[in-house]
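Chemist: Structure below; questions to follow.
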Amino acid sequence: MTAERKIVPFFRRGDIGGLTYIVTNNIVNYLIVIATLSGVLGWPDEIVFGYVIPGMSLGLCLGAVYYAWMGYRLSKKEGRADVTALPSGVSTTAMFVMLYGVVMPLSYALEDPRLAWSAAMAACFVGGCIEFIGGFIGPWMKSKIPRAALLGTVAGIGFIWMATQGVFDIFNDPILGLPVMIVAMIGVFGAYQFPKKIPPLVIAILGGIVYSFCLGRTQVDFSNIGFYFPNPVNSIQYMIDGFAIMVPYLAIIIPVEMYNFIETMDNVEGANAAGDNYNVREAQFADGICTMVSACFGSVVPNTVWLGHVSLKKTDAGIGYSAISGILLLIAGFFGLFTFLSDVVPPAICAITFLWCAVDMLSQAYDVVDRKYFAAIGVAMVPPVADFLYTQVTGAAGLAELYTETISTGIADFAPEIGQALVDAGVMWNGVAAVKSGSIVVGIILGTMVAFIIDKRLDKVALTALIAAVLSFVGLIHSAQLTINLSNQWGIGYLILAVVAVVLHLGRNSWCVAADDTEDLG
């Protein structure tokens, strides 16, 4: 007699923990998006709560429901009742890079929130396309790009943008920020736990909200709660108009989404290792499609499969947590519940999550990469600093109308005499504009070169330099716009670098001999 084939129930006790994990962490991401778009950039509520938040919610709901369906299918196929659905949501890392690497520069350069939003939607849609393509090329990309280069660049973005923003916001309101910060830190960095294993980070955020209310920093306001269903006809029209504007930012969007689909691939492979044999390619396709749909309804940030499947499986989570969390977030987004939450959570409390995410990204880079590649991580972290410095200096100078603005590309630039005046005044400006353009790709290129040098593969260093030269000649890096320019000095520099690397590689067995262990070098 054949044993009865068991199918996972829709909801079980372990799903409560999964539901808490998905909903609370996604709410934090929502608050960060709102704080950045409304608080920092000054986008109107009509765009933020009428389109961006509902669009995000729709994409998240579709992804969560689909992953629950994938879990059900897997359970039915294998006759197991212990299948756990893939955790999904907004990619925190990709979200920050999109917000600070694409949306913020667009907003500062264009000085028109609606125009910036149109370009950001287009960038998000293109990102979804790249995520989808990742289902075909993901394994190949993962095998070719050193992990240290990719994670180092992302860590650099987290450190220079997120950590600084978090610390600055905390000290901008120290009476509120410092007590909340220390409670969060003892949980995140000290691994303390409160009774019932309640994470101090949760206490810091919830307690901080109550504390800020007592201080009069926030208010309870339900007046903006209503029905916010985005009109896709309007959002798609704006998105179409934004494609021409976002083209110069492809050098940022492409590597961000490369990271995103590799993150999905890694996390699904982690789920497979834990015993749930999901199709990696199907998950990447789902991420891409959900991101494209959310962009059509107004969203500006991508979806991904989250880390945490192993922990959820240990707590006996099934498939119901995924579908229910998606539906709850959809209801919250469509009925304007985040308008209420944004009023009760001040910047100093959101700053805690900024700092936490930044440190987590930095720690991850050094945790999953072999120690010998630490130098590659460090070098890859540098180019994002140029993006940060450029944005801050041009933003300040813009108040005095000291730069010329090119609306067609969304790039602000200085007249040569202004740039020279900055250098003469002691500002570290030489080369900043060049590294800022395509800084993520530049970081990956430099980190890749260092990783190959460590591996004693100067031939691969030369190949990397040739790729960098091509990217320079077509304007994907070191340029404010896409254009073919064979006299590009950075492209020529990369070609010379490639020649030098080849010559040194040819002499590897005679006059250019590497030590067996680089740590032996003084």
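Chemist: Could you list, in sequence order, all residues of region 208-229 that are part of a loop (DSSP other than H, G, I, E, B) and either touching a Pro at 6+ places or on another chain (Cβ under 6 Å) or without any contact (Cβ under 8 Å) to a residue 24 or more places away in the chain (or both)? Spell out how you get there, then give the answer.
Modeler: Filtering region 208-229 down to residues part of a loop (DSSP other than H, G, I, E, B) leaves 215-229.
Within region 208-229, GLY216, ARG217, THR218, SER223, TYR228 meet the criteria.
Chemist: For residues in region 173-190 being within 25 Å of the chain's Cα centre (by Cα) and open to solvent by 40 Å² or more (accessible area, probe 1.4 Å), which is farthest from LEU341 (Cα to Cα)?
Modeler: PHE189
Chemist: Of everything in region 324-353, what is in a helix (DSSP H, G or I), open to solvent by less than 20 Å² (accessible area, probe 1.4 Å) and under 19 Å from VAL220 (Cα atoms)? Give them in sequence order.
Modeler: The answer is ALA332, GLY333, PHE338, THR339, VAL344, ALA348, ILE349, CYS350.
Chemist: Same structure, new question: Is there any pair linking a residue in region 161-178 that is without any contact (Cβ under 8 Å) to a residue 60 or more places away in the chain to one that is buried (at least 19 other Cβ atoms within 10 Å of the Cβ), with Cβ under 7 Å and at least six apart or on different chains, and which?
Modeler: PHE171/GLY177; LEU178/ILE170
Chemist: Shifting gears a bit: Name the single residue that is nearest to ILE133 (Cα to Cα) among those in region 290-308 being open to solvent by less than 10 Å² (accessible area, probe 1.4 Å) and part of a helix (DSSP H, G or I).
Modeler: THR291
Chemist: Quick check on region 314-321. Is at least one of its residues within 22 Å of THR20 (Cβ to Cβ), more than 21 Å from the chain's Cα centre (by Cα) and among the acidic types (Asp, Glu)?
Modeler: The answer is yes; a qualifying residue exists.
Chemist: Six or more apart or on different chains, Cβ under 8 Å: which pairs go from a residue in region 356-367 that's assigned to a helix (DSSP H, G or I) and modelled with pLDDT under 80 to one that's open to solvent by 70 Å² or more (accessible area, probe 1.4 Å) and not β-branched (Val, Ile, Thr)? Could you list them?
Modeler: ALA358/PHE159; MET361/PHE159
Chemist: Yes or no: region 295-316 includes at least one residue that is free of Cβ contacts under 8 Å to residues at least 12 places away in the same chain, among the basic types (Lys, Arg) and over 25 Å from LEU37 (Cβ atoms).
Modeler: Checking region 295-316: at least one residue is free of Cβ contacts under 8 Å to residues at least 12 places away in the same chain, among the basic types (Lys, Arg) and over 25 Å from LEU37 (Cβ atoms).
Chemist: A follow-up question, please. For region 114-147, what are the residues that are crowded, with 19+ Cβ neighbours inside 10 Å and not small (Gly, Ala, Ser)?
Modeler: The answer is LEU115, TRP117, MET121, CYS124, PHE125, VAL126, ILE130, GLU131, PHE132, ILE145, PRO146, ARG147.
Chemist: What helices (runs of 4 or more DSSP H) lie completely within region 1-100 and have 1 or more residues being open to solvent by 60 Å² or more (accessible area, probe 1.4 Å) and in contact (Cβ under 8 Å) with a residue 60 or more places away in the chain?
Modeler: 15-34, 53-78
Chemist: Can you find even one residue in region 258-267 that is open to solvent by less than 10 Å² (accessible area, probe 1.4 Å), in contact with a Phe, Trp or Tyr (Cβ under 8 Å, 6 or more places away or on another chain), more than 28 Å from ALA468 (Cβ to Cβ) and in a helix (DSSP H, G or I)?
Modeler: no
Chemist: Considering only region 427-508, give the helices (runs of 4 or more DSSP H) lying wholly within it that have at least 2 residues that are within 27 Å of the chain's Cα centre (by Cα).
Modeler: Hits in region 427-508: 432-436, 439-454, 458-473.
Chemist: Okay, next question. Give the residues of region 464-474 that are closer than 16 Å to GLY443 by Cα and either touching a residue at least 24 places away in the same chain (Cβ under 8 Å) or open to solvent by less than 40 Å² (accessible area, probe 1.4 Å) (or both), sorted by residue number.
Modeler: THR464, ALA465, LEU466, ALA468, ALA469, LEU471, SER472
Chemist: Being modelled with pLDDT under 80 and in a helix (DSSP H, G or I) is the filter here, so list the residues in region 411-426 that pass it.
Modeler: PRO416, GLU417, ILE418, GLY419, GLN420, ALA421, LEU422
The values are calculated or read from the model by the stated rules, or taken from the named source; none is laboratory data. Note that the structure is predicted; figures quoted are calculated from it, not measured. Here the Cβ is made from the backbone with ideal geometry for all residues, glycine too, and neighbour counts use every protein chain on show. Side chains are part of the model used for accessible areas, which takes the heavy atoms of the whole protein and leaves out ligands, DNA and RNA. Shrake-Rupley method; radii C 1.70, N 1.55, O 1.52, S 1.80 Å.
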